[in-house]
């Protein structure tokens, strides 16, 4: 879906930090993606192979770390993780819940050669 | 961590978010209230905008509309112009959403100074627009009865971070199996207490309540 624009952002951020560190090249890029971020790894990889050509990141391997979505029940305070479908609180059945994590879409770190 | 490992921890859409803040500042400086209107294709976004224009025109509210479309067609902006308000068309070139850069470019073409309200009609899509902040003051989703009552469960992200939900095409309720309680429970799980208006752009039912809410936001 919108993976092209996000992949461009990944490249931009990685190159910016690599240049700042005066790196010769970037070998690895570590991404953290929350379960609720609608990002498809394969699509990011697909675009990456095209857009990274000719940049400091050309040979970099993308590493995707998926983290689960965590919810809290506003009635009973129970915290639970989302498996697949959105469900009410498994403890008290309330639908008054709040998502506390799972939105993440971060570039955690890069590995470079200097 | 080796010395060649550089810790970054940056939100990948940071650049977009920063630009969204700049857009917000432009709206604020001009005293304009801005809405990012999102929905699936065919939910009735353009009809809803036209109803809103018609409802506010008597109060002298000046409205600008920014139309996001994936193809270079002017069907929507033509309708807005016909309703008597300026419209700028953004052709996303196939992209499935508007982002803050596209909005910034559109704002360069729109004189905000005479306006009170700007409605940004996002690309018809329930997934991608949810990820990109534009800088609007509120995000509004138009859901519609024929889409089905399971949409909050299938597209949770778009229902989160919203200020207002419009449930459109209520005139079709007698003809479609749409379980309003099930739909609303899904929404409640994602966005407790969300301000919701049920409307029909066809009959005009419910539009006044939405207009009252909106008038409370417009700086006029």
- prompt: Looking at the range B:87-103, is at least one residue modelled with pLDDT under 95, surrounded by fewer than 14 Cβ atoms within 10 Å (Cβ to Cβ), out of contact with any strand residue (DSSP E or B) (no Cβ under 9 Å at 6 or more places or on another chain) and part of a helix (DSSP H, G or I)?
  reply: no
- request: Could you check residue B:192 against (1) in contact with a helix residue (DSSP H, G or I) (Cβ under 9 Å, 6 or more places away or on another chain); (2) on the phi < 0 side of the Ramachandran plot; (3) within 14 Å of chain A (Cβ to nearest Cβ) and say which number it fails?
  value: (1)
- request: Determine which member of the set B:55, B:68, B:84 is more than 14 Å from chain A (Cβ to nearest Cβ) and in contact (Cβ under 8 Å) with a residue 40 or more places away in the chain.
  value: B:55
- request: Among the residues of the range A:12-43, write down those that are touching a helix residue (DSSP H, G or I) at 6+ places or on another chain (Cβ under 8 Å), assigned to a helix (DSSP H, G or I) and either surrounded by fewer than 19 Cβ atoms within 10 Å (Cβ to Cβ) or more than 10 Å from chain B (Cβ to nearest Cβ) (or both).
  value: A:12, A:43
- request: Give the range A:89-103 a look and list any residue that's without any contact (Cβ under 8 Å) to a residue 24 or more places away in the chain and surrounded by fewer than 18 Cβ atoms within 10 Å (Cβ to Cβ), or say none.
  value: A:90, A:91, A:92, A:93, A:94, A:96
task: Please indicate, with yes or no, whether at least one residue in the range A:53-70 is within 11 Å of chain B (Cβ to nearest Cβ) and under 21 Å from the mean Cα position of the chain (by Cα).
output: yes
query: Counting only residues that are in a loop (DSSP other than H, G, I, E, B) and touching a strand residue (DSSP E or B) at 6+ places or on another chain (Cβ under 8 Å), how many does the range B:59-84 have?
result: 6
message: Looking at residue B:161 and the list (1) in contact with a strand residue (DSSP E or B) (Cβ under 9 Å, 6 or more places away or on another chain); (2) more than 12 Å from chain A (Cβ to nearest Cβ), which single condition is not satisfied?
response: (2)
- request: Would you check which residues across the range A:75-92 are within 12 Å of chain B (Cβ to nearest Cβ) and modelled with pLDDT under 90 and list them?
  value: A:82, A:84, A:85, A:86, A:87, A:88
Odd one out for residue A:106 among (1) closer than 22 Å to residue B:101 by Cβ; (2) surrounded by fewer than 19 Cβ atoms within 10 Å (Cβ to Cβ); (3) at pLDDT 90 or above: (2)
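Output the residue which, of all residues in the range B:7-43 that are within 8 Å of chain A (Cβ to nearest Cβ) and buried (at least 19 other Cβ atoms within 10 Å of the Cβ), is nearest to residue B:202 (Cα to Cα). First the steps, then the outcome.
Quick first cut of the range B:7-43, residues within 8 Å of chain A (Cβ to nearest Cβ) only: B:7-16.
The next check asks that each one be buried (at least 19 other Cβ atoms within 10 Å of the Cβ); those that pass are B:12-13, B:16.
Values: B:12: 41, B:13: 38, B:16: 36 Å.
Step by step, filter the range B:7-43, then rank; the result is B:16.
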message: Restricting to the range B:1-52, and then to whatever is without any contact (Cβ under 8 Å) to a residue 60 or more places away in the chain and part of a strand (DSSP E or B), can you tell me which residue is nearest to residue B:112 (Cα to Cα)?
response: B:11
statement: Scanning the range B:169-186 for residues that are at pLDDT 95 or above and surrounded by 15 or more Cβ atoms within 10 Å (Cβ to Cβ), the one nearest to the chain's Cα centre (by Cα) turns out to be B:169
query: In the range A:67-94, what count of residues is obtained for those that are in contact with a strand residue (DSSP E or B) (Cβ under 9 Å, 6 or more places away or on another chain) and under 21 Å from residue B:151 (Cβ atoms)?
result: 6
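The values are calculated or read from the model by the stated rules, or taken from the named source; none is laboratory data. Here the structure is a predicted model, which is why all the values come from computation and not from measurement. Positions of Cβ are generated from backbone atoms using ideal geometry, with glycine treated the same way; all protein chains shown enter the neighbour counts.
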